[in-house]
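One structure below.
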Amino acid sequence: MTWTLHEGDALSVLTEMPDACVDAVITDPPYNSGAPTMAVRTGDTARGKYVSGDAKHTLPDFDGDQRDQRGYLAFLTMILTQCYRVTRRGGPLLVFADFRQVPVTSDALQAAGWTWRGIVPWHKPIARPAKGGFKRACEYALWATKGPVDATRNPVYLPGLYSASQPRGTNRRHITQKPDELMAGLIEVVAPGGIVLDPFAGSGSTGVAALTTGRKFVGIEISSDYATVTRERLTLAS
Ligand SMILES: C[S@@+](CC[C@H](N)C(=O)[O-])C[C@H]1O[C@@H](n2cnc3c(N)ncnc32)[C@H](O)[C@@H]1O
């Protein structure tokens, strides 16, 4: 079996996994971003926050995006602590954040034991202009490792910036989907044949990149709608 998908809560599933059973973690958690007030945090959904009003698709919403900064720090620290335990020594972590959540994400990964190594911007060529200021054209993958970088196992020299457009039309399966080209680039930080874990699988983009580049995949996804999409995409990719 080159892939496994657990349908359920990330923390509950991770807690049941054995120590050092994966080679890397690449994940895109619910950002819990852009909610300065209680009304927005509790009233707005992920779709309300991250999908523009003129979007044509009717893709499902997802839960888990209503935490304030302290709540998100606690939640992400618990998740990344379990991810650290289940990753072998030297293994890399990539965790996505938008500009607002870079500080809390770097706090969480370090509190969880990871050694923070850098930030890899994902540039989105098509981004809304911002009147009076700068276009927010990037999201970020924070890069960390469990202990020293294992360059002997995977002697790559990777770019420090990736540019790729969000999937469109029938290729768009999730409201915050990451592009396949982006994920296929990022996954090179994992040695070929390695097992990649994504505890917030969404539509399975990390898994598709893993399978199409000769790696293995373990995913967790709480939404049954999105777990179904992930299974479809992984079956096609394997
Ligand atoms: C930002 S999206 C990931 C999108 C993914 N990178 C893709 O390209 O399709 C985050 C996902 O985490 C899932 N999620 C939220 N809370 C969760 C939890 N406690 N356990 C597992 N999955 C969860 C959501 O349902 C959502 O699909």
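Tabulated results
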{"read-out": "All positions within region 163-185 that are open to solvent by less than 30 Å² (accessible area, probe 1.4 Å) and under 16 Å from Ala209 (Cα atoms)", "value": "Ala164, Pro167, His174, Gln177, Lys178, Pro179, Leu182, Met183, Gly185"}
{"read-out": "Members of region 214-229 found to be under 14 Å from His174 (Cβ atoms) and open to solvent by 10 Å² or more (accessible area, probe 1.4 Å), listed by number", "value": "Glu221, Ile222, Ser223, Ser224, Asp225, Thr228, Val229"}
{"read-out": "Pick from region 165-191, criterion among the hydrophobic types (A, V, I, L, M, F, W, C) and not in a helix (DSSP H, G or I), ranking: farthest from the ligand (Cβ to nearest atom)", "value": "Ala191"}
{"read-out": "Any hit, region 190-197, residues being more than 17 Å from the chain's Cα centre (by Cα) and without any contact (Cβ under 8 Å) to a residue 12 or more places away in the chain", "value": "no"}
{"read-out": "Top-ranked residue in region 4-13 [being in a helix (DSSP H, G or I) and within 18 Å of Ala210 (Cβ to Cβ); ranked as farthest from the ligand (Cβ to nearest atom)]", "value": "Val13"}
{"read-out": "Candidates Leu211, Leu236, Leu158, filtered to the one that is more than 10 Å from the ligand (Cβ to nearest atom), of a type outside the set (S, T, N, Q), part of a helix (DSSP H, G or I) and open to solvent by 50 Å² or more (accessible area, probe 1.4 Å)", "value": "Leu236"}
{"read-out": "Tabulated pairs, region 61-85, first open to solvent by less than 20 Å² (accessible area, probe 1.4 Å), second of a type in the set (A, V, I, L, M) and not in a helix (DSSP H, G or I), C-beta under 6 angstrom, 6+ apart or interchain", "value": "Leu80/Ala112; Cys83/Val25"}
{"read-out": "Members of region 93-117 that are touching a strand residue (DSSP E or B) at 6+ places or on another chain (Cβ under 7 Å) and open to solvent by 20 Å² or more (accessible area, probe 1.4 Å)", "value": "Val102, Gln110, Thr115, Trp116, Arg117"}
{"read-out": "Verdict on Val25 being assigned to a strand (DSSP E or B) and either modelled with pLDDT of 70 or more or over 15 Å from the mean Cα position of the chain (by Cα) (or both)", "value": "yes"}
{"read-out": "Pairs with Cβ under 8 Å, 6+ apart, first in region 1-24 and open to solvent by 60 Å² or more (accessible area, probe 1.4 Å) and of a type in the set (S, T, N, Q), second in a loop (DSSP other than H, G, I, E, B) and more than 12 Å from the ligand (Cβ to nearest atom)", "value": "Thr2/Ser238"}
{"read-out": "Failed item, numbered, when Glu188 is tested on (1) open to solvent by 30 Å² or more (accessible area, probe 1.4 Å); (2) on the phi > 0 side of the Ramachandran plot", "value": "(2)"}
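The values are calculated or read from the model by the stated rules, or taken from the named source; none is laboratory data. Since this is a predicted model, take the numbers as computed values, not measurements. A quick note on method: Cβ atoms are made from the backbone with ideal geometry, for glycine too, and the neighbour counts reach across all protein chains shown. Calculation scope for accessible area: heavy atoms of the full protein, side chains included, ligands and nucleic acids excluded. Shrake-Rupley method; radii C 1.70, N 1.55, O 1.52, S 1.80 Å.
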